[in-house]
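Asks: I have a structure I would like to understand better, so I am pasting it below and will then ask my questions one at a time.
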Amino acid sequence: MIDKKELYNWCKISPYDLETHKARKTPFQLVKDSGEMGMVMARELADELIAANKDGRTFRAIIPCGPKCWYAPFTAIVNAERISLKNFVVFHMDECLDWEGNLLAENDPYNFKTFMLKYFYGDIDKELAVPDENRYFLEPKTAESIKAEIWRRPVDYCLGGWGQDGHIAYNQARRHPFSQLTLDDLRNASIRIQDNNLDTILTLAQRSFGAAYQFVPPMSITLGVKECLSAKKVRVYSDTGSWKQTALRVALFSTPDVEYPLTLLQEHKDARITATFDTAAHPIFENPDWEFKGINI
């Protein structure tokens, strides 16, 4: 468990000091807003693909459904600069499931495949597009074949976001009282189907459905931390503000902690966290007059 006194001290740090803070454990980049972040994400991935094409090599990447701000800039860059995606292999990070572990309705707003077909693949010029056989959508029936394909050759790049508890993909902090994980369990977590945590469901309900938790998918299938952190480069981003703020502070300053999977990024050789100012801010920083009983301020 994260010590509350330590957490208070991390949360009161100015967002302007996060990039250079001497206690920071993972590289961090601060951007102004969603628009700037989308351009950073799109440009970096496009440049990786340009370099791979120049070298004549396949580029294998784990790609999430969200953050959403980079799809349009990425499409514009690929189409304008005529970047071929023929040698781009895409492993989709996760997918939502109903209470029986089945796929959602095609037009459910949490159907990640439908979303990605429309916003990630949909507007790329056909002559540049990722071939259908290079698109690996994670489903219960594809889990084992995708696992085998990921480990067949190294993954070059993992792009993602993080959740309110610092989960990467759907690698949530496990809260089952009779089935606790160690850090090694988390490090070695692989592809699996799971129940979504109650806090994940409530957070997504507030974000997407006016707190109507009844419409949030109760289960998911996800790549594990092991697959995500196997990539040569890991880049995680967030522009969703308040519900990511505390997990960001923990990721930057805590030692690895099973409650916050994002803290494992500090063990990776080439990882970076990027956040907008609203996500890097924190109400404890903004309210220095607040007092919390039992905390030495």
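Please treat every number below as a calculation from the coordinates, not as lab data. Note that this is a predicted model, so its numbers are computed, not measured. Here the Cβ is made from the backbone with ideal geometry for all residues, glycine too, and neighbour counts use every protein chain on show.
Asks: May I have the convex hull volume per residue, in Å³, for the Cα set of the stretch 134-198?
Replies: 126 Å³
Asks: How would Trp243, Trp10, Trp70 line up from fewest to most surrounding beta-carbon atoms within 10 angstrom?
Replies: Result, fewest neighbours first: Trp243, Trp10, Trp70.
Asks: Please report Cys11, Cys69, Cys228 as a ranked list, fewest other C-beta atoms within 10 angstrom at the top and most at the bottom.
Replies: Ordered from fewest to most neighbouring Cβ atoms within 10 Å, Cys11, Cys69, Cys228 come out as Cys11, Cys69, Cys228.
Asks: A follow-up question, please. Return Phe112, Phe285 ranked ascending by Cβ neighbour count within 10 Å, so the fewest neighbours appear first.
Replies: Listing Phe112, Phe285 from fewest to most nearby Cβ atoms yields Phe285, Phe112.
Asks: A further question on this structure: Can you give me the span-like helices of the chain, meaning DSSP H runs with 27 Å or more of Cα extent along the axis and Kyte-Doolittle mean at or above -1.0?
Replies: Helices passing the filter in the chain: 34-55.
Asks: Kindly provide the GluC sites (Glu not before Pro) of the stretch 1-89 that DSSP labels as loop, not H, G, I, E or B, and whose Cβ sees at most 13 other Cβ atoms within 10 Å.
Replies: Filter output for the stretch 1-89: Glu19.
Asks: In whole Å, how far is the Cα centre of the stretch 72-99 from that of the stretch 126-159?
Replies: Using only Cα atoms, the two centres lie 11 Å from each other.
Asks: I've got another one for you. Which of these, Leu198, Leu229, Leu248, has the largest mean-square fluctuation under a Gaussian network model of the chain (Cα springs below 10 Å)?
Replies: Taking springs between Cα atoms under 10 Å, the residue moving most is Leu198.
Asks: Take the alpha carbon atoms of the stretch 238-259, find their center, do the same for the stretch 1-31, and report the distance between the two centers in whole angstrom.
Replies: 9 Å
Asks: Continuing with the same structure: Treating only the Cβ of Lys, Arg, Asp and Glu as charged (+1, +1, -1, -1), what charge dipole size does the stretch 166-253 show about its Cα centre? Round to the nearest 20 debye.
Replies: 300 debye
Asks: Right, here's the next one. For each pair in Lys232/Lys269; Lys32/Lys118; Lys32/Lys68, compute the distance between the two Cα atoms and list the pairs where it is over 19 Å.
Replies: Too far apart for the 19 Å limit: Lys32/Lys118.
Asks: Taking 1 over the mean of 1/r across every pair of different Cα atoms in the chain, what Kirkwood radius in Å do you get?
Replies: For the chain, inverting the mean 1/r across all distinct Cα pairs yields 19.9 Å.
Asks: While we're on this one: Counting only helical runs of four or more DSSP H residues, what would the 222 nm mean residue ellipticity of the chain come to if each run contributes -39,500 (n - 2.57) and the total is spread over all its residues?
Replies: Dividing the helical sum by the residues of the chain leaves -9000 deg cm²/dmol.
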